[in-house]
1. May I ask you to verify whether B:Arg112 is without any contact (Cβ under 8 Å) to a residue 40 or more places away in the chain, outside the structural domain of B:Glu60 (by TED's automatic domain parsing) and closer than 28 Å to B:Trp52 by Cβ?
2. Scan region A:178-196 and report the pairs whose first residue is open to solvent by less than 40 Å² (accessible area, probe 1.4 Å) and whose second residue is among the β-branched types (Val, Ile, Thr) and in a helix (DSSP H, G or I), with Cβ atoms within less than 9 Å and a gap of 6+ or a chain change.
3. Can you tell me which of (1) under 23 Å from B:Met1 (Cβ atoms); (2) open to solvent by less than 60 Å² (accessible area, probe 1.4 Å) is the one A:Ser202 doesn't meet?
4. Out of (1) at positive phi; (2) open to solvent by 30 Å² or more (accessible area, probe 1.4 Å), what's the single condition that is false for B:Asn170?
5. Of the residues A:Ile217, A:Ile174, which single one is of a type in the set (A, V, I, L, M), under 22 Å from A:Trp143 (Cα atoms), facing chain B (nearest Cβ under 9 Å) and in contact (Cβ under 8 Å) with a residue 12 or more places away in the chain?
6. When you go through (1) closer than 29 Å to B:His141 by Cα; (2) of a type in the set (S, T, N, Q); (3) buried (at least 20 other Cβ atoms within 10 Å of the Cβ) one by one for B:Thr65, which number turns out not to apply?
7. Name the residues in region B:103-129 that are in a strand (DSSP E or B) and either within 14 Å of another protein chain (Cβ to nearest Cβ) or open to solvent by 20 Å² or more (accessible area, probe 1.4 Å) (or both), would you?
Amino acid sequence: MTTIHLHEVMDIAPGLEEPYMASVLSLEDDQVSRNIAEGLEERWKRPSTSRFRTTDVSGRWPKVVNLADEGSFETLMGSLRRQFSGAGLAADMEDWWQRNTSLRTHGYDRLLIPSSFTPSRAELVEQGLKGRVFLHEFVRVPWGETQSYMSALERDFLPVASRYQWMLFGAYTIAMDPREILTVFFMREWVHMANLLGARESDADVKRWFDFREQTIDESEEMVLMPGHNNDLFVWG
Amino acid sequence: MAVYIFERIEIIKGGRGKFIDLVRRRWAPQNEAKHGVHLAGLWATAGSTADWPEANVMWEYRDWTHFAEASQAQYPREDKDPYLNELWRQALDWRSGGVSDLLVPSSFSPDRAERQAKGIDGPLVQVERVKTKKGKMSEYHAAIESELVPLAKSRGMQLMGAYRHAIRPNEGLNLWFLSSWDQARDIWESDLTDPEVARWRQRSGDLLENIRGHIIVTPPEGALRT
């Protein structure tokens, strides 16, 4: 069974990022109840979402990004059937949706397929990893080059990133979009992000990676994110 | 080497003047006093040339270490800097959102101190958003330094800076000071006929995928402006 993640970028009513993320958390309680009632396989019973919001450092803002823990196309179909096919409509979700129209105006969703080297969020939490800043980046590469970009990312950049204490949250291809890749790295402290970005001219390995990106990527769109206060990876203090 | 954030802010409900006034009188002094971040520029986008209503703010950090320190001390604002958080909340009446660019200057771009020392300034700025052909940013910057800066200087334009995006590959921003609207008129008129400009554009075609220009203007003090 293919593992997938639902990824959402929401246009948020300015200033209401945290209330919206708290509202998403409340929806998950409803989903847990429904999944248990429907007798879903144990591993899918407790959906949980990583919730992030934009800084104004780089990229478009304000946004909230939700990245759901792993599911499958089968669980997704269950959700879509409930929402759009009239069978067993989820009144609780409808109620939640209507209550939040004042918090968000629009969204753009993607179905992510994690690379083999993407850790699960549970693994990150078990290791006690947390981050103050997340660099979230969509890149669009030429036709047929998503896998070679992924391979280069794993082979060439992950060791460099690790040296600078960049941790991989995930690297994903996108269902129905064969040219797009999402990467999310996180750093415990801001200085870790700055040190790598600032090493472009002084570290040959960093320069080599940036040069590769310049030769490869057709388009990119980044967001510099913070985890929401109710995200397990949030650093308090 | 300095690091910059250039922000384009979408304005709502005729709030451009009030938003700019808030940044000028309250946000920028707090950002400098508490975090050491300098206001490098504050402008309104000139209608007739691009998006409107829009404000533009540029922040200068001494270097990457300073960028990290200031960001660490500021985010999340509601936890770290209640005063900036309150200003952010107040600004919600006048702006909806924005787009920020994290920028690294070329070696020949003057920082704020050098601009002040040499009197490099102007009330108008011509913005050029550039996307180079793959891997051509360094070559493009070299061409700006050796070919375009002398040409621009001969036409009365001063370089505020030529920057590459710190994250987005092959994207950058050029900022040029103009001294007046009369100068802008003369430059745009001569753009159409000057053979040196034509030669530079031909040269740019070897290096750039695209370039898009517009004007941003430092508005006078006072909040009662659209």
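The values are calculated or read from the model by the stated rules, or taken from the named source; none is laboratory data. Values in this document were obtained by computation on a predicted structure and should not be read as measured data. Positions of Cβ are backbone-derived with ideal geometry, glycine not excepted, and every protein chain shown enters the neighbour counts. Each accessible area value is taken on the protein alone, full model and side chains, heavy atoms only, with ligands, DNA and RNA left out. Shrake-Rupley method; radii C 1.70, N 1.55, O 1.52, S 1.80 Å.
1. It is false that B:Arg112 is without any contact (Cβ under 8 Å) to a residue 40 or more places away in the chain, outside the structural domain of B:Glu60 (by TED's automatic domain parsing) and closer than 28 Å to B:Trp52 by Cβ.
2. A:Glu180/A:Thr146; A:Ile181/A:Thr146; A:Ala194/B:Thr65; A:Leu196/A:Val160; A:Leu196/A:Val206
3. Single failed check for A:Ser202: (2).
4. In the conditions (1) at positive phi; (2) open to solvent by 30 Å² or more (accessible area, probe 1.4 Å), B:Asn170 misses (2) alone.
5. Within the list A:Ile217, A:Ile174, the selection yields A:Ile217.
6. Against the list (1) closer than 29 Å to B:His141 by Cα; (2) of a type in the set (S, T, N, Q); (3) buried (at least 20 other Cβ atoms within 10 Å of the Cβ), B:Thr65 comes up short only on (3).
7. B:Leu103, B:Val104, B:Pro105, B:Gln126, B:Glu128, B:Arg129
Conditions tested, residue by residue: (1) of a type in the set (Asp, Glu); (2) under 18 Å from A:Trp61 (Cβ atoms).
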| site | (1), (2) |
| --- | --- |
| B:Asn56 | no, yes |
| B:Glu60 | yes, no |
| B:Tyr83 | no, no |
| B:Arg89 | no, yes |
| B:Val99 | no, yes |
| B:Ala113 | no, no |
